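Have a look at the structure below before the remarks.
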Amino acid sequence: MTALFRQLPSTDKLLQLAQEEQLIAEFGRSAVVNCCRALLQEAREQIKSQQNPPHFFADSALLTQALRRRLTQAQQVKIQSVHNLTGTVLHTNLGRALWSEAAQNAALTAMRQNVALEYDLQEGKRSHRDHYISELLAELTGAEAACVVNNNAAAVLLMLATFAKDKEVIISRGELIEIGGAFRIPDIMAQAGCKLVEVGTTNRTHLADYRRAINENTAFLMKVHSSNYQICGFTGSVSEQELVELGQEFSVPVITDLGSGALTDLAQYHLPPEPMVQEKCRQGVDLISFSGDKLLGGPQAGIIVGKKALIAQLQAHPLKRVLRCDKVILAGLEATLRLYLQPEHLTQTLPTLNLLTAPLAQLTQHAEKIKSLLENRLGADYLVQIEAGAAQIGSGSQPLARIPSVAVTLEGKNGQKPTALFARLKALPQPVIGRIEHNKLWLDLRSAANLDTLRTTLEAL
Ligand SMILES: *Cc1c(COP(=O)(O)O)cnc(C)c1O
């Protein structure tokens, strides 16, 4: 074994090889040094456990190849592009909404050039970074003003911290939600320093429950949209409209966390409806919060719209400074919102809506091409079929509603596991992410944003 160890090249020797092969010029000295050391360490361990070094230590051409492969891999951006074939259009783990062309362009401009972010061009003086978006949201929703922060979780925190610190917030027991990524209403309340007052029961809450809980220390009556679950059966809840009336009687503002929220009526596209921001404004809700990267189809952001006086207080709170968005996000959000000024074009201009409304015939056409490609590659081992899929919006919009879709499914012919094939698809240069169900791998086309490059990707199988 000692002889084997002695046969290994020194780090200096490896570095010299890397130098000759231009690896240092290409990848940088420190990366190459680290890689050489790691390779040698691996070799020593393999000698210890298997009494021989890795095969590529046999000659310098193989060794160079191994180094290059590792260096390339280490350099690969890890937040890399993937194909979303999960059937979940707004997939939080895959980055939620894709940006529209307009939003991408606006963001690029904001990255490359100085922009009038907090500068009023008419007056030539300082203005507020949410100013333009606030005007736009007022036009789109009927709200008096708006405030934009990092995400909707931050929006909820800011509303509570600004108005409800050391005070009470009344909320139904049926709405104490937890959503993915550790967002829990009771925890956010605790962080904001306010006291949660639960009323009603899990399945039924009445207006009288809220009324009984109101006292001189009540900051808000709060509604939270049950994004990722549904309570069905013998149920009852109180609408924002009713709460607004009650709130006015006692001069207590009403706030609502819509989660996804929608600025357009999804029913017109035959999609499961989601509460609309405009409607809540009309009902007189004082503050309404929703996400930028869910159904709105823009960048990650938390948007609060509502009464001018309250929004002004949010803007003035020190936490707003902590939670504010950067210029790129604001530019992308403004451009996204501008698309809503021409709602008749939204299914073309907004990628999320484009995916959700793609006709089944179009998905089937793509499915057929993908099926024949996969049959060609995998036909001996897998049965490739086109099946009706059941996609979903995702990100807590209508958790039980399914949207008709088309999927290419793959089932092992001789006991091959779908997990093995899934691993191969995930190892492609642009990984393909499907889902496993009923012992088959499902590639659902409803959520696939780039069907042309998908075929090119799959050709590498
Ligand atoms: C998604 C969601 C949130 C969190 O929104 P983020 O933008 O992800 O921070 C909060 N409340 C509800 C009801 C949600 O659905």
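Restricting attention to segment 265-275, the residues being away from the ligand (no atom under 14 Å from the Cβ), crowded, with 18+ Cβ neighbours inside 10 Å and not in a helix (DSSP H, G or I) number 1.
State yes or no: is LEU339 within 16 Å of the ligand (Cβ to nearest atom), open to solvent by 20 Å² or more (accessible area, probe 1.4 Å) and under 24 Å from LEU94 (Cα atoms)? In short, no. Applying the selection to segment 358-368, what residues are surrounded by fewer than 18 Cβ atoms within 10 Å (Cβ to Cβ), under 14 Å from ALA448 (Cα atoms) and in contact (Cβ under 8 Å) with a residue 12 or more places away in the chain? Selection gives LEU360, THR364.
Does GLN46 satisfy the condition of being under 41 Å from the mean Cα position of the chain (by Cα) and either without any contact (Cβ under 8 Å) to a residue 40 or more places away in the chain or exposed (fewer than 13 other Cβ atoms within 10 Å of the Cβ) (or both)? In short, no. If you check ARG402, ARG446, ARG435 for being within 30 Å of HIS225 (Cα to Cα) and open to solvent by 60 Å² or more (accessible area, probe 1.4 Å), only one passes: ARG402. Inside segment 286-307, residues that are charged (D, E, K, R) and within 14 Å of the ligand (Cβ to nearest atom) make up a count of 2.
For the criterion of being at pLDDT 95 or above and assigned by TED's automatic domain parsing to the domain that holds ARG324, LYS125 fails.
Of all the listed residues (LEU400, LEU441, LEU421), the sole one being closer than 21 Å to SER81 by Cα, in contact (Cβ under 8 Å) with a residue 24 or more places away in the chain and not in a strand (DSSP E or B) is LEU421.
Within the set LEU319, LEU310, the sole residue that is within 16 Å of the ligand (Cβ to nearest atom), surrounded by fewer than 21 Cβ atoms within 10 Å (Cβ to Cβ) and either at pLDDT below 95 or not assigned by TED's automatic domain parsing to the domain that holds ILE393 (or both) turns out to be LEU319. Taking every residue in segment 300-329 that is within 27 Å of SER395 (Cβ to Cβ) and pairing it with any residue that is among the β-branched types (Val, Ile, Thr) and open to solvent by 50 Å² or more (accessible area, probe 1.4 Å), at least 6 positions away or on another chain, the pairs with Cβ-Cβ distances below 7 Å are LYS327/VAL115. When ALA213, ALA208, ALA262 are screened for being in the same structural domain as LEU137 (by TED's automatic domain parsing), surrounded by 14 or more Cβ atoms within 10 Å (Cβ to Cβ) and over 20 Å from the mean Cα position of the chain (by Cα), only ALA213 passes. Before we move on, is CYS281 assigned to a helix (DSSP H, G or I), touching a residue at least 40 places away in the same chain (Cβ under 8 Å) and at negative phi? Yes. Among the residues of segment 162-185, those identified as within 13 Å of the ligand (Cβ to nearest atom), of a type outside the set (Gly, Ala, Ser) and surrounded by fewer than 24 Cβ atoms within 10 Å (Cβ to Cβ) are GLU175, LEU176, ILE177, GLU178, ILE179, PHE183, ARG184, ILE185. When THR264, THR235 are screened for being in contact (Cβ under 8 Å) with a residue 60 or more places away in the chain and under 17 Å from THR202 (Cβ atoms), only THR235 passes. Residues in segment 130-153 that are among the charged types (D, E, K, R) and either farther than 23 Å from LYS307 by Cα or open to solvent by 30 Å² or more (accessible area, probe 1.4 Å) (or both): GLU135, GLU139, GLU144. Would you be able to say whether some residue in segment 118-137 is β-branched (Val, Ile, Thr), farther than 23 Å from LYS327 by Cβ and under 25 Å from the mean Cα position of the chain (by Cα)? Among the residues of segment 118-137, not one is β-branched (Val, Ile, Thr), farther than 23 Å from LYS327 by Cβ and under 25 Å from the mean Cα position of the chain (by Cα), which makes the answer no. Tell me, please, whether a residue that is more than 16 Å from the ligand (Cβ to nearest atom) and either within 16 Å of GLY259 (Cα to Cα) or open to solvent by 20 Å² or more (accessible area, probe 1.4 Å) (or both) can be found in segment 154-161. Looking for residues that are more than 16 Å from the ligand (Cβ to nearest atom) and either within 16 Å of GLY259 (Cα to Cα) or open to solvent by 20 Å² or more (accessible area, probe 1.4 Å) (or both), one finds none in segment 154-161, hence no. Per the conditions (1) hydroxyl-bearing (Ser, Thr, Tyr); (2) modelled with pLDDT of 95 or more; (3) surrounded by fewer than 18 Cβ atoms within 10 Å (Cβ to Cβ), the sole criterion not satisfied by THR453 is (2). Exactly one residue out of GLN278, GLN283 is open to solvent by 20 Å² or more (accessible area, probe 1.4 Å), closer than 19 Å to SER397 by Cβ and away from the ligand (no atom under 12 Å from the Cβ): that is GLN278. Restricting segment 229-238 to residues that are open to solvent by less than 70 Å² (accessible area, probe 1.4 Å) and within 16 Å of the ligand (Cβ to nearest atom), the residue that is farthest from GLU198 (Cα to Cα) is TYR229.
The values are calculated or read from the model by the stated rules, or taken from the named source; none is laboratory data. What you see is a predicted model, and the numbers here were worked out from it, not measured in a lab. Note that each Cβ is placed from the backbone with ideal geometry, even for glycine, and that neighbours are counted across all protein chains shown. Surface accessibility is based on the protein's heavy atoms, side chains included, excluding ligands, DNA and RNA. Shrake-Rupley method; radii C 1.70, N 1.55, O 1.52, S 1.80 Å.
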